[in-house]
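Read the structure below first, then the notes.
The values are calculated or read from the model by the stated rules, or taken from the named source; none is laboratory data. Values in this document were obtained by computation on a predicted structure and should not be read as measured data. Positions of Cβ are generated from backbone atoms using ideal geometry, with glycine treated the same way; all protein chains shown enter the neighbour counts.
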Amino acid sequence: MSRTGEDNLDLFSRRLSELLFQQEEQKKEIAHKLDITYRQLHRYESGQSKPDYDRLLKLADYLDVSIDYLVGRSDEPNITTPRQRD
């Protein structure tokens, strides 16, 4: 599946928004746990900004999804490791 950079940013924002909506915590609490401001989280969610690599890792870990899923390179939210397949 080939997507342009702009499409990937839109998909990232949409997926982030959907995943944040599923969380029980308030977005301000989530932002605090990710060590970013609420405003920055909102910028990621609205597509006004994209996270750097370290923040992308934190987002994926917190939301329990793969980075590839967040950025639109995969439609599978979680990676299956060899140990999980057994």
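Tabulated values for the structure
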read-out	value
Region 36-47 - residue that is at pLDDT 95 or above and not in a helix (DSSP H, G or I) and, of those, nearest to Leu70 (Cα to Cα)	Ile36
Residues that are crowded, with 16+ Cβ neighbours inside 10 Å, part of a helix (DSSP H, G or I) and touching a residue at least 24 places away in the same chain (Cβ under 8 Å), drawn from region 59-73	Leu59, Leu63, Tyr69, Leu70, Val71
Any hit, region 9-20, residues being at pLDDT below 95, among the polar types (S, T, N, Q) and within 19 Å of Tyr69 (Cα to Cα)	no
Inter-residue pairs, beta-carbon under 8 Å, first without any contact (Cβ under 8 Å) to a residue 40 or more places away in the chain and on the phi < 0 side of the Ramachandran plot and in region 28-49, second of a type in the set (S, T, N, Q) and part of a helix (DSSP H, G or I), 6+ apart	Ala31/Gln40; Tyr44/Ser13; Glu45/Ser13; Glu45/Ser17; Ser46/Ser13; Ser49/Gln40
Ser74 out of contact with any strand residue (DSSP E or B) (no Cβ under 9 Å at 6 or more places or on another chain), at pLDDT below 95 and of a type in the set (Ser, Thr, Tyr)	yes
Condition check for Ala60: among the small types (Gly, Ala, Ser), within 9 Å of the chain's Cα centre (by Cα) and at negative phi	yes
